[in-house]
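Just below is one structure, and these are the notes that go with it.
The values are calculated or read from the model by the stated rules, or taken from the named source; none is laboratory data. For clarity, every value in this text was computed on a predicted model and none was experimentally measured. Using ideal geometry, Cβ is built from the backbone for each residue, glycine included, and neighbour counts are taken over all protein chains shown. Only protein heavy atoms, including side chains, enter the accessible area calculation; ligands, DNA and RNA are left aside. Shrake-Rupley method; radii C 1.70, N 1.55, O 1.52, S 1.80 Å.
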Amino acid sequence: MTTIILKPHKEESLKRFHPWVFSGAIARIVLDAAHKAAAPEEGELVCVESANSETLGVGHWQVGSIAVRILEFGLAELPADFWEQRVRAAYQVRESLGLVRKDNDTFRLIHGEGDWLPGLIVDVYADTAVVQAHSVGMHVFREAIAEAIVAVVPQVKNVYYKSDDTLPFKAAIEGEKTGWLVKKTECSEDSEFWSTENGLEFRIDWLKGQKTGFFVDQRENRALVERYAAGKEVLNMFCYTGGFSLYALRGGAKRVDSVDVSQKAIDLVNANVAHNFPKAKNHTAVTADAFDYLTAQKNAGRTFDLIILDPPAFAKHRDAVKNALRGYQRINAKAIEMIRPGGILFTFSCSQAVDKEAFRLAVFSAAASVGRKVRILHQLHQPQDHPINIYHPEGEYLKGLVLYIE
């Protein structure tokens with residue numbers, strides 16, 4: 001196996017179990033005899049050693065600032081049953097959390113570094129697992145990963161691979177980035193796929209939808225909306241497939257408006273509402289830009305008892321943070337203006353580059369600009385099946401606030 005030798009004293013982060021080796025920490029690369037190229041192939045397994053020849057771990061090699069993602073510390077090679085070991089450990093966590101139930105067959109099985117598998121995301125929807133690789137190494141081992149998932153998780157019969165938007169775009173990648181890795185049940189691209197979250201059924205479009213087809217990370221926060229929804233007029237902005245809307249309807253909302261810029265998303269919202277609440281007449285779905293919609297509703301004099309703001313990431317990298325914070329301030333100010341006295345605002349940021357203090361400051365600035373009295377009722381974050389590796393704090397990305405508006 002190719003060996004990566006670090007510069008003196010650059011092993012300290014690995015000894016603290018942080019799984020990334022940065023390219024600037026590498027002193028030299030010792031290729032094994034089988035190599036014909038001058039450098040390791042992207043995605044191959046490499047052994048990492050300190051300047052004193054101490055074995056630090058084995059991981060995937062990749063081109064970029066993060067040169068190696070460690071899979072196993074203290075070993076020079078992976079155990080033969082490595083993938084099954086890791087998938088089993090992750091599944092046992094989800095079982096122990098009570099997420100694997102008859103009324104809940106939707107959960108995140110693998111959450112990258114949080115499950116000691118950096119670069120890998122796996123979401124389970126009923127009998128299908130959807131796999132996303134964020135590193136070339138995980139792409140290389142996709143079939144072994146799929147076999148391990150089917151062997152470990154009883155409900156999973158199919159594994160769909162969806163990495164066309166997540167793999168490094170400059171990488172020389174062999175093999176398909178999307179498609180079935182395992183398919184034991186009859187289904188096609190025209191099939192309707194449904195899964196259950198806390199007793200509500202959602203149509204999941206993992207073939208063409210965002211991420212893996214659904215935002216599993218808002219499950220607990222959707223349940224909190226249900227607790228506050230009774231008798232309220234609710235506005236769900238950036239609704240995607242209507243997760244918050246369905247929970248609000250089940251919670252007894254007087255009226256729910258769902259808004260998204262994507263007509264395809266709105267079609268899924270309507271399908272989900274019709275499936276779960278076939279007699280409901282208190283739901284309206286609108287295709288519109290969020291800022292334009294809020295401006296139009298304000299000009300029309302409309303107000304709401306409860307508003308949910310769950311926008312896509314405003315900042316996907318650190319260079320965009322300043323503009324993102326302005327966006328969060330602007331959208332929250334518009335929402336706060338439109339909430340009736342005694343109303344509630346659920347507001348979120350999924351931008352990993354925006355930390356929770358900066359997000360909270362943006363919301364504070366929005367409230368101050370409007371001149372409303374605001375209390376924080378809850379500070380929200382990602383759920384249990386999106387664990388944060390204590391040695392990898394970068395894994396904390398979702399942050400949210402529930403505000404009481406006087």
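What to note about this one:
- Rounded accessible area per residue of the range 110-243, 1.4 Å, Å²: 39 Å²
- For a straight C-alpha distance cut-off of 19 angstrom, the aspartates and glutamates reachable from residue 170 (same-chain residues fewer than eight places away being disregarded) are 41, 42, 44.
- Nearest-ten-degree value, helix 219-228 long axis tilted from longest Cα axis of the chain: 20 degrees
- Candidate aspartates and glutamates for bridging to residue 7, where Cα separation is under 14 Å - those fewer than 8 sequence places away on the same chain excluded: 49, 54
- Highest-MSF residue in the chain out of 32, 105, 267 [GNM, Cα springs under 10 Å]: 32
- Interatomic Cα distance distribution for the chain, bins of 10 angstrom, percent: 5, 21, 29, 24, 15, 6, 1, 0
- For the range 220-273 versus the range 1-42, the inter-centroid distance based on Cα atoms is 48 Å.
- Max mean-square fluctuation residue, GNM over the chain, Cα-Cα springs under 10 Å, options 346, 215, 244: 215
- Residue separation of residue 185 and residue 210 scaled by 0.36 nm, minus their Cα-Cα distance, works out to 6.7 nm of gained length.
- Taking amide H positions as modeled 1.01 Å from N, with prolines and chain starts lacking one, the residues under 5 Å from residue 26 and 5 or more places away or on another chain are 7.
- Convex hull volume of the Cα atoms of the range 130-217, normalised per residue: 114 Å³.
- For the chain, the fraction of 1.4 Å probe accessible surface lying on carbon and sulfur atoms is 50 percent.
- Evaluated with a Cβ-only charge set (Lys, Arg +1; Asp, Glu -1), the range 195-237 carries a dipole of roughly 80 debye about its Cα centre, given to the nearest 20.
- When the pairs 211/279; 208/281; 102/157 are compared against a 21 Å limit on Cα-Cα distance, 211/279; 208/281 fall above it.
- A cut-off of 5 Å between modelled amide H atoms, ignoring neighbours fewer than 5 places along the same chain, links residue 304 with 339, 340.
- Semi-axis lengths (Å, descending) of the ellipsoid that matches the C-alpha gyration tensor of the range 233-378: 26, 18, 13
- Under 13 Å from the Cα of residue 373 - aspartates and glutamates, other chains or at least 8 residues apart: 337, 406
- The range 54-125, relative contact order [Cα under 8 Å, separation at least 6], %: 23 percent
- Evaluated at q = 0.21 Å⁻¹, the base-10 log of the normalised Debye intensity for the range 20-128, with identical point scatterers placed on the Cα atoms, takes the values -1.13.
- Scanning residues 5 or more positions from residue 182 or on other chains, those with amide H under 5 Å from its amide H are 159, with H placed 1.01 Å from N in the peptide plane.
- From phi via Karplus (6.51, -1.76, 1.60), per-residue ³J(HN,Hα) for the range 128-140 in Hz, x at Gly/Pro: 10, 9, 10, 10, 10, 9, 10, 9, 5, x, 5, 4, 4
- Extents of the range 353-406, largest first, come to 40, 20, 11 Å (Cα atoms, principal axes, whole angstrom).
- Springs between Cα atoms under 10 Å define the GNM used for the chain, and in it the highest mean-square fluctuation of 174, 77, 233 occurs at 174.
- Between the range 109-186 and the range 322-375, the alpha-carbon centres lie 36 Å apart.
- Residue order by solvent-accessible surface for 162, 36, 7 is 36, 7, 162, largest first, with ligands and nucleic acids left out and a 1.4 Å probe.
- Working from Cα pairs under 8 Å separated by at least six residues, relative contact order for the chain is 11 percent.
- Dipole magnitude (debye, nearest 20) for the chain, charges at Cβ of Lys, Arg, Asp, Glu: 1780 debye
- Computed per residue of the chain from DSSP H runs no shorter than four, each worth -39500 (n - 2.57), the mean residue ellipticity at 222 nm is -8000 deg cm²/dmol.
- Debye intensity ratio I(q)/I(0), log10, the range 177-236, q values 0.14, 0.22, 0.29 Å⁻¹ (C-alpha model): -0.56, -1.04, -1.35
- Whole-number accessible area per residue in Å² for the range 257-406, which is evaluated in the context of all protein chains at 1.4 Å: 48 Å²
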